[in-house]
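The block underneath contains the structure these notes are about, expressed in structure tokens.
The values are calculated or read from the model by the stated rules, or taken from the named source; none is laboratory data. Since the structure is predicted, the reported quantities are computational estimates derived from the model, not experimental observations. Note that we place each Cβ from the backbone using ideal geometry, even for glycine, and neighbour counts take in every protein chain shown. Only protein heavy atoms, including side chains, enter the accessible area calculation; ligands, DNA and RNA are left aside. Shrake-Rupley method; radii C 1.70, N 1.55, O 1.52, S 1.80 Å.
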Amino acid sequence: MHKTIKDIEEMKGKEKITVLTGYDSTMAALCEQVDVILVGDSAGMVMLGYEDTTSVTMDDMIRFTTAVKNARKNSLIVSDLPINSYNTKEDAITNSLKLIEAGADAVKLEGGKEIAQIIKAITELKIPVMGHLGLLPQTAKKYTVQGKTKEDAIELIKDAKIITESGVFSIVLEMISSQVAKIITEKIPVPTIGIGSGKDCDGQVLVVHDMLGLFEKIKPKFAKRYLSLSEEIRNAVKSYVMEVKEKKFPAIENEFQMDESEYNKMRKEIV
Ligand code: KIV
């Protein structure tokens, strides 16, 4: 049985929540130890090669969600509603249902008080929603730390309270100064999941391509690398190319042989 929303809610204050992004079956199977797999619209950059998340469509998110669902064993699946898929309550509900049908257990969307009514409309239908405050990649002009001034910090804390009242079961806090993330975490009853927001959040999320050292275009300082997979892949590709060129691959153990008597009979016929 996989993790449920209730399991994640009950971890607040007891055990840190682990979240990694996932977009395909192979990676989802390898990441089965995490509490939550987030099918993030960061897929736009790490899977589809766009500059940012703003070109990602509902069809993309449905496809990635299905792939993760096909491999999921233990983790809860949360899928991002992409930009422009929740501009109205009707769109938000229709598109949330599509992601749930594709295999998500919950949806995530970005914003504070301005989307409180949208969140309420989705949660009233018993579709679990994860919020996302701080740096909002779908609309941000620049990737800068949020909550650095008194005014910003107070707005973020207010937003966290408002979307909690709208029914979110947890909130991603992206690139928020650690002190503000700590206050939000203490002031709201639902778990906070930090990315670049310090150690006091109830959980942490990283883009899986960042933590494996697979994505080389951007290297934010919060994205700790646990592996240098891109280097390993390049070395493997180099060896493969060399071995094929030098006729070292395939070797005899990589081949399939015909039975010798069949082979001899066939040779007689074709000469
Ligand atoms: O799309 C994504 O991967 C995200 C995380 C960075 C939180 O929203």
Around residue 76, which amide H atoms from residues at least 5 apart in sequence, or from another chain, sit under 5 Å from its own amide H, with H modelled in the peptide plane? 3, 36, 37
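For the chain, give the magnitude of the charge dipole about the Cα centre (Cβ charges: +1 Lys/Arg, -1 Asp/Glu; no others), in debye to the nearest 20.
Numbers: 37 positive and 41 negative charges, 125 e Å.
Once rounded to the nearest 20, the dipole reads 600 debye.
If I take R0 = 51 Å and measure r between the Cβ atoms of residue 200 and residue 237 in this structure, what FRET efficiency does the formula 1/(1 + (r/R0)^6) give, to the nearest 0.05? Before the final figure, lay out the partial values.
Values: r = 41 Å, r/R0 = 0.81.
For R0 = 51 Å, the calculated efficiency reads 0.80.
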Backbone HN-Hα couplings from phi across region 136-143 [Karplus 6.51/-1.76/1.60, Hz, Gly and Pro as x]: 10, x, 5, 10, 5, 7, 9, 8
Which order, highest average first, do 108-117, 161-170 follow once you tally other Cβ atoms within 10 Å for each residue and take the mean per peptide? 161-170, 108-117
Could you calculate the contour length gain from residue 158 to residue 228, that is, 0.36 nm times the residue separation minus the distance between their Cα atoms, to one decimal place in nm? 21.2 nm
With N set to the number of residues, divide the alpha-carbon radius of gyration of region 1-115 by 2.2 N^0.38 Å and report two decimals. 1.04
Identify the residues of region 79-106 with backbone N under 17 Å of a label point that sits 7 angstrom from the Cα of residue 9 along the Cα-to-Cβ direction, or state none. 105-106
Could you tell me what percent of the accessible area of the chain is made up of carbon and sulfur, with a 1.4 Å probe and every protein chain present? 54
Applying the Karplus parametrisation 6.51 cos²θ - 1.76 cosθ + 1.60 with θ = phi - 60° to the phi angles of region 32-40, what ³J(HN,Hα) value in whole Hz is obtained for each residue in order, glycine and proline being reported as x? 5, 6, 6, 6, 9, 9, 9, 7, x
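Too long at a 18 Å Cα-Cα cut-off: which of 14/108; 120/161; 69/98; 113/158; 14/150; 150/221?
Numbers: 14/108 23 Å; 120/161 13 Å; 69/98 13 Å; 113/158 8 Å; 14/150 30 Å; 150/221 24 Å.
14/108; 14/150; 150/221, as the Cα separations exceed 18 Å there.
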Viscosity 0.890 mPa s, 25 °C: Kirkwood-radius Stokes-Einstein D of the chain over Cα pairs, µm²/s: 121
Relative contact order (percent) for the chain, with alpha-carbon contacts under 8 angstrom and 6 or more residues of separation? 15
Estimated [θ] at 222 nm from DSSP helical runs (n ≥ 4, -39500 (n - 2.57)) normalised by residues in the chain, nearest 500: -12000 deg cm²/dmol
